[in-house]
Amino acid sequence: MLKVENINKSFKEKEVLKDISFEIKKNSIVGLLGPNGAGKTTLMRIIVGFYSASNGKILWDGKKVDTRSEKHKSRIGYLPENNPLYMNLTGGEYLEYISELKQISKEEIKEEIFKVAQQCGIQNVLSQQIETLSKGYKQRVGLAAALLGDPKILILDEPTSGLDPNQIIEIRDLIKGLSKNKMILISTHILPEAREICERLIIINRGEIALNEETKKIKNLEKKFVELTA
Ligand SMILES: Nc1ncnc2c1ncn2[C@@H]1O[C@H](COP(=O)(O)OP(=O)(O)OP(=O)(O)O)[C@@H](O)[C@H]1O
Ligand SMILES: [Mg+2]
């Protein structure tokens, strides 16, 4: 289980996250909602070890983790906001490059790429330059990269943003399928999407948790969101 405990983050004088605590259980998807600038991406960056928290800690199965450690990094697959891919590489080259960064052994790389490509349905476009792929396929390449090394936790920052309705459904189904043996934290501005795939929803407003509730217990999410973030 991944636990986030009393996380605070300030950039200079500006307090961006205030006392954030929640947990993600095994085989579950937690949705992170909130208006632009609420602090979702900052929180995700702290969990993946890209930023350090000003205060608070991250725990893995009850033990405090060093989010900068290789061990923590190998547990986490991260799809950043706006999915920054290397456009002049092919999908296959990119996945090879990320495999090396993730220190996947030479002997395993090929098999590992084959596995994630199959999971994300990109086997047929691996030799195509990323720049020439549709947005939906670019997103799949990013997701495949996050899946390399079979991380236990997936942190997905707006994975369906900017996709057409068909691609949204496909990526969403893909994510739903992945949750069977992973913990997933996903941010989105699409409330029906959050309702459909997440077991629990967290609404962040101005850096504070305004709601943390099982999805099935939330009656009118749209109304609640507006009330809590107005
Ligand atoms: N590196 C940084 N330096 C200074 N301020 C930052 C930095 N990163 C984020 N912020 C500020 O922190 C606040 C939260 O930003 P963040 O990107 O986490 O929001 P978000 O919830 O992800 O928003 P969005 O829905 O637009 O993606 C914003 O006020 C932002 O300007
Ligand atoms: Mg963001």
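Of the residues that sit in segment 113-129 and are over 13 Å from SER99 (Cβ atoms) and free of Cβ contacts under 8 Å to residues at least 12 places away in the same chain, which one is least open to solvent (accessible area, probe 1.4 Å)?
Among those that are over 13 Å from SER99 (Cβ atoms) and free of Cβ contacts under 8 Å to residues at least 12 places away in the same chain, it is GLN123.
I'm trying to understand the selection: among the residues of segment 7-18, which are open to solvent by 70 Å² or more (accessible area, probe 1.4 Å) and touching a residue at least 24 places away in the same chain (Cβ under 8 Å)? Steps first, please.
The initial filter retains those residues of segment 7-18 that are open to solvent by 70 Å² or more (accessible area, probe 1.4 Å), namely 11-15.
Correct list: GLU15 only.
Please state which one of GLY56, GLY77 is crowded, with 18+ Cβ neighbours inside 10 Å and of a type outside the set (Phe, Trp, Tyr).
On the way: GLY56 fails: crowded, with 18+ Cβ neighbours inside 10 Å.
Testing whether each residue is crowded, with 18+ Cβ neighbours inside 10 Å and of a type outside the set (Phe, Trp, Tyr) leaves just GLY77.
So which helices (runs of 4 or more DSSP H) are wholly in segment 1-120 and hold at least 1 residues that are within 16 Å of ligand 2 (Cβ to nearest atom)? Break it down into steps so the answer makes sense when it comes.
Values: elements: 40-48, 70-75, 91-101, 106-120.
Once the helices (runs of 4 or more DSSP H) in segment 1-120 are filtered for at least 1 residues that are within 16 Å of ligand 2 (Cβ to nearest atom), what remains is 40-48.
Within segment 132-162, track down each residue that is within 16 Å of ligand 2 (Cβ to nearest atom), open to solvent by 10 Å² or more (accessible area, probe 1.4 Å) and not in a helix (DSSP H, G or I).
GLU158, SER161, GLY162
Among (1) under 30 Å from GLY37 (Cα atoms); (2) free of Cβ contacts under 8 Å to residues at least 12 places away in the same chain, there is one condition THR132 misses while meeting the rest; what is its number?
(1)
Mind checking which residues of segment 97-112 are farther than 21 Å from PRO159 by Cβ and open to solvent by less than 90 Å² (accessible area, probe 1.4 Å)? Let's see the steps before the verdict.
Kept after step one, since they are farther than 21 Å from PRO159 by Cβ, are these residues of segment 97-112: 100, 103-111.
ILE104, SER105, ILE109 - these are the residues of segment 97-112 that are farther than 21 Å from PRO159 by Cβ and open to solvent by less than 90 Å² (accessible area, probe 1.4 Å).
The values are calculated or read from the model by the stated rules, or taken from the named source; none is laboratory data. If you're wondering where the values come from, they're calculated on a predicted model, not measured in any experiment. All Cβ positions, glycine included, derive from the backbone under ideal geometry; neighbour counts span all protein chains shown. Calculation scope for accessible area: heavy atoms of the full protein, side chains included, ligands and nucleic acids excluded. Shrake-Rupley method; radii C 1.70, N 1.55, O 1.52, S 1.80 Å.
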